[in-house]
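K.L.:
Attaching a single structure in structure tokens format; questions to follow.
The values are calculated or read from the model by the stated rules, or taken from the named source; none is laboratory data. This structure is a prediction, so every number in the text was calculated from the model and none was measured. Ideal geometry is used to build each Cβ from the backbone, glycine not excepted, and the neighbour counts take in all protein chains shown. SASA here: full protein model, heavy atoms, side chains in, ligands and nucleic acids out. Shrake-Rupley method; radii C 1.70, N 1.55, O 1.52, S 1.80 Å.
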Amino acid sequence: MEHVLIGLKTFLTVQNILALTFGQAIGVVIGAIPGLTVTMAIALLLPFTFGMPALPAVLLLVGVYKAGIYAGSISAILIKAPGTPASACTVLDGWPMAQQGQARRAMDMALYASCVADFVSNLSLLLLAGLIASFALRFGPPEFFWLIAFALTVVTAVSGASLLKGLVSASLGVLLSTVGMDLVYGTPRLTFGVLELTGGLSFVPLLIGLFAVAEIFEFYGREPGKVERSRSAGARLKWEEFRNCLPTILRGSVIGVIIGAIPGTGPAIASFLSYAEAKRTSKRAANFGHGEIEGVAASESGNNGVAGATLIPLLALGIPGDVITAVMFGAFLIHGIDPGPTLFTRQADFVYALIWGIMLSSIGLLVLGRIAVSAFARTTTVPSHILMPIVLIFCVFGTYSINNSTFDVLIMLGAGVLGYVMSKVDMAAAPLLIGFVLGPIFEDNFRRSVLVARGDYTTFFQGPIVWVFIVLTALSLIFGLRKKNVPIEK
Amino acid sequence: MLNFENWNVTSKRDFLLGVVLVILFLAIFFWVIPTQIPAIVAHPLAHALAPSFMPSIVTLIVAVLGFLIAVRAWRSAVTDAATPPQEIVDGTTEDWRRAAVFRTASALVASFAYVFLLDAIGALSSAVSITVILVLLAGERRWRTVVVAGIVVPTVIYLVFTQIAAAPLPRGITSFF
């Protein structure tokens, strides 16, 4: 308790608060621009922190990370181009809401759901770091395999009218994810001798192409003069609407915390799981995918629930859970902080000051988010025929900036054509993304389990965690298929 | 024999989709995977599954799903044929359909040309060109709007990326900028 109070005192300096706020402001801008990733922003800012003391330096980077995850929802809602992969799921209901003139409600809900989830996630970091870290450590390849199998059942919730086509879409995603180097043997797979493909297909170009670029092509296929989207941001979110969605937000936050604490997962998985669970339990399940505000709440609470929890394995175990936390791990080391089990005893004041900063960042996110929502809402007044070419420029510049690669931009355009064709045959694009994200983890853990168990397939049925996820997978499949509004086929 | 004349648009489209999926993914299974994924024989890691394991399984799954989609579309068409057909009036004309196809195809070609020219003429020049083309393609004819949307906005976006986000976009012929 003493360390907690000293931590608060250590945090409350002008320099720390300014660093955190500055980081969040950058995170909001970067996150809202499609293609500019949070990882890139952190990597670019890292050299600027070299001359700073450790605490404000780390707070600045944490601010970028947390605000960036939230801000991806802004462009996902307004222009159907998720600013970050974490917001891919927000497109499903956020974009239809914007088309119906309810962009402001969607953005408000995204902000408030993000702030609540962020706070819950931070609270779990403060109170349950040790407990959650020890739980996450019990995950071996078979546990991961079943966790991902459970996550793959989300496909039933986002397949639209046809489950068969949703499964085709998801399988296509898995197949595309196998392009590149094989992780076990180190041999190239489906690269056709193209050097750029040996590293595999990048997620962000695929994401931007499937949603934003496909929408641009679709725009030019619509009848001229027809109103394609509303040119008003609409009314603000009402308190009753937020209150009605609060159970969904809290559930999404908890899902985010659990997923975030397990290294190697990520916010995109959490948001899709949260969305599927919200759809399963909602009275308005049939409206999901057509502009349901609860869908936006579920997605955003899921991905922001990860933000604080993903620091649990980093701080408590010294294990970075994803690319962003891996970059932050490097930042910690540069500033003389050695994350791991002894961090809480050796540098307790620093850790608790950091956690206080992270806790209070939820308030900063709320303030900056409100400013951002008001500013970005103005884009709804731009007519579609002017907006679409501008979106294309953002997509191309953003995608190019990831790896300074024209090949990535070509992949993005190819994904745009694929997304356009898929929309013409009524095939949902979201399952493809799920397959693409989960495919490599699914395959890798399946093959590793078999390898470690020397070909003994009973390894997939041993241990309590494995059985928990087997039951969850079976239940999720049964509920998903039986749900009246998700028919197997029209 | 299949008689497509009495089939509705959805059944016809889904049947063709199913057939295309079956043919395409069987071709991937029998031709692409064997040629593009090296076969691993008698590797010391005897229990490791081959690199082609997952792609093969997924490809077969899609082929089976494609078959099911085609069968469902065929059954649906047969059921529909038993009920009297309903006239569907969607209020669209052949003229605008043709215009829509032209606009979409033009946008596609222009977008790919844009990307292919990105390195050669630079991000700024190509962005200005594609924006002007797309804005005009969408029917905008007010020159002030075309100038602002086609020249000013891409220039501002370019400066944001290069000067603020420090993204090294290709300069091409505008290397002086």
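K.L.:
I'd like the residue in the range A:403-421 that is more than 8 Å from chain B (Cβ to nearest Cβ) and surrounded by fewer than 20 Cβ atoms within 10 Å (Cβ to Cβ) and, out of all such residues, is farthest from residue B:118 (Cα to Cα).
P.N.:
Checking each candidate, the answer is A:421.
K.L.:
Any residue in the range B:94-108 that is more than 9 Å from chain A (Cβ to nearest Cβ), touching a helix residue (DSSP H, G or I) at 6+ places or on another chain (Cβ under 9 Å), open to solvent by less than 50 Å² (accessible area, probe 1.4 Å) and in contact (Cβ under 8 Å) with a residue 12 or more places away in the chain?
P.N.:
Within the range B:94-108, none of the residues are more than 9 Å from chain A (Cβ to nearest Cβ), touching a helix residue (DSSP H, G or I) at 6+ places or on another chain (Cβ under 9 Å), open to solvent by less than 50 Å² (accessible area, probe 1.4 Å) and in contact (Cβ under 8 Å) with a residue 12 or more places away in the chain.
K.L.:
While we're here: Of everything in the range A:11-29 that's aliphatic (A, V, I, L, M) and open to solvent by less than 30 Å² (accessible area, probe 1.4 Å), which residue is nearest to the chain's Cα centre (by Cα)?
P.N.:
First, pick out the residues of the range A:11-29 that are aliphatic (A, V, I, L, M): A:12, A:14, A:17-20, A:25-26, A:28-29.
Among the residues that remain, those that are also open to solvent by less than 30 Å² (accessible area, probe 1.4 Å) are: A:19-20, A:28.
Working: A:19: 24, A:20: 21, A:28: 15 Å.
That would be A:28.
K.L.:
So which of A:400, A:457 ends up being surrounded by 20 or more Cβ atoms within 10 Å (Cβ to Cβ) and among the hydroxyl-bearing types (Ser, Thr, Tyr)?
P.N.:
Selected residue: A:400, the only one of A:400, A:457 that is surrounded by 20 or more Cβ atoms within 10 Å (Cβ to Cβ) and among the hydroxyl-bearing types (Ser, Thr, Tyr).
K.L.:
Further question: Condition test on residue B:160, is it facing chain A (nearest Cβ under 9 Å), surrounded by 15 or more Cβ atoms within 10 Å (Cβ to Cβ), within 24 Å of residue A:412 (Cα to Cα) and at pLDDT 90 or above?
P.N.:
Against the criterion (facing chain A (nearest Cβ under 9 Å), surrounded by 15 or more Cβ atoms within 10 Å (Cβ to Cβ), within 24 Å of residue A:412 (Cα to Cα) and at pLDDT 90 or above), residue B:160 does not qualify.
K.L.:
Okay, next question. So which of A:169, A:134 is within 20 Å of residue B:24 (Cβ to Cβ) and either in a helix (DSSP H, G or I) or open to solvent by 20 Å² or more (accessible area, probe 1.4 Å) (or both)?
P.N.:
After applying the criteria, what remains is A:169.
K.L.:
Among the residues in the range A:154-162, are any facing chain B (nearest Cβ under 9 Å), crowded, with 22+ Cβ neighbours inside 10 Å and either out of contact with any Pro (no Cβ under 7 Å at 6 or more places or on another chain) or free of Cβ contacts under 8 Å to residues at least 24 places away in the same chain (or both)?
P.N.:
Our first condition is that a residue be facing chain B (nearest Cβ under 9 Å); within the range A:154-162, this holds for A:162.
Remaining after also requiring crowded, with 22+ Cβ neighbours inside 10 Å: A:162.
From what is left, the residues that are either out of contact with any Pro (no Cβ under 7 Å at 6 or more places or on another chain) or free of Cβ contacts under 8 Å to residues at least 24 places away in the same chain (or both) are A:162.
Yes, because at least one residue in the range A:154-162 is facing chain B (nearest Cβ under 9 Å), crowded, with 22+ Cβ neighbours inside 10 Å and either out of contact with any Pro (no Cβ under 7 Å at 6 or more places or on another chain) or free of Cβ contacts under 8 Å to residues at least 24 places away in the same chain (or both).
K.L.:
Here are some conditions: (1) modelled with pLDDT of 90 or more; (2) within 28 Å of residue A:206 (Cβ to Cβ). Residue A:60 meets all but one. Which one does it not meet?
P.N.:
Residue A:60 satisfies every listed condition except (2).
K.L.:
Moving on. Among the residues of the range A:137-153, count how many are open to solvent by 30 Å² or more (accessible area, probe 1.4 Å), among the aliphatic types (A, V, I, L, M) and away from chain B (no Cβ under 14 Å).
P.N.:
Residues that pass the stated criteria total 1.
K.L.:
Pairs needed: first member in the range A:442-466, facing chain B (nearest Cβ under 10 Å); second member anywhere, in a helix (DSSP H, G or I) and open to solvent by 90 Å² or more (accessible area, probe 1.4 Å); C-beta distance under 8 Å; at least 6 residues apart or different chains.
P.N.:
A:450/A:457
K.L.:
Go through (1) part of a helix (DSSP H, G or I); (2) surrounded by 14 or more Cβ atoms within 10 Å (Cβ to Cβ) one by one and return the number of the condition residue B:167 breaks.
P.N.:
(1)
K.L.:
Here's another thing I want to ask about it. Between residues in the range B:38-57 that are at pLDDT below 65 and residues that are of a type in the set (A, V, I, L, M, F, W, C), which pairs lie under 7 Å by C-beta distance while being six or more apart or on different chains?
P.N.:
Close Cβ pairs (under 7 Å, with a partner that is of a type in the set (A, V, I, L, M, F, W, C)) amount to B:45/A:451.
K.L.:
State all residues of the range A:89-130 that are among the small types (Gly, Ala, Ser) and closer than 13 Å to residue A:296 by Cβ; if no residue qualifies, say none.
P.N.:
Of everything in the range A:89-130, those that are among the small types (Gly, Ala, Ser) and closer than 13 Å to residue A:296 by Cβ turn out to be A:94, A:98, A:103, A:106, A:110, A:113, A:114, A:117.
K.L.:
If a residue has to be of a type in the set (Gly, Ala, Ser), surrounded by fewer than 24 Cβ atoms within 10 Å (Cβ to Cβ) and away from every other protein chain (no Cβ under 11 Å) to count, how many in the range A:179-213 make the cut?
P.N.:
Total satisfying the criteria: 3.
K.L.:
Please tell me if residue A:262 is at pLDDT below 90 and either open to solvent by less than 10 Å² (accessible area, probe 1.4 Å) or more than 19 Å from residue A:442 (Cβ to Cβ) (or both).
P.N.:
Here the answer is yes, as residue A:262 does meet what is asked.
K.L.:
Surrounded by 18 or more Cβ atoms within 10 Å (Cβ to Cβ) and outside any helix (DSSP H, G or I): is that true of residue A:428 in this structure?
P.N.:
yes
K.L.:
Return the residues of the range A:284-317 that are open to solvent by less than 20 Å² (accessible area, probe 1.4 Å) and either assigned to a loop (DSSP other than H, G, I, E, B) or out of contact with any helix residue (DSSP H, G or I) (no Cβ under 7 Å at 6 or more places or on another chain) (or both); say none if nothing qualifies.
P.N.:
Answer for the range A:284-317, where residues must be open to solvent by less than 20 Å² (accessible area, probe 1.4 Å) and either assigned to a loop (DSSP other than H, G, I, E, B) or out of contact with any helix residue (DSSP H, G or I) (no Cβ under 7 Å at 6 or more places or on another chain) (or both): A:288, A:291, A:292, A:310.
K.L.:
Go through (1) at pLDDT 90 or above; (2) surrounded by fewer than 20 Cβ atoms within 10 Å (Cβ to Cβ) one by one and return the number of the condition residue B:66 breaks.
P.N.:
(2)
K.L.:
Something else now. Would you please name the residue that is farthest from residue A:399 (Cα to Cα), looking only at residues in the range B:132-157 that are out of contact with any His (no Cβ under 6 Å at 6 or more places or on another chain), among the small types (Gly, Ala, Ser) and within 7 Å of chain A (Cβ to nearest Cβ)?
P.N.:
Applying the filter and picking the extreme gives B:139.
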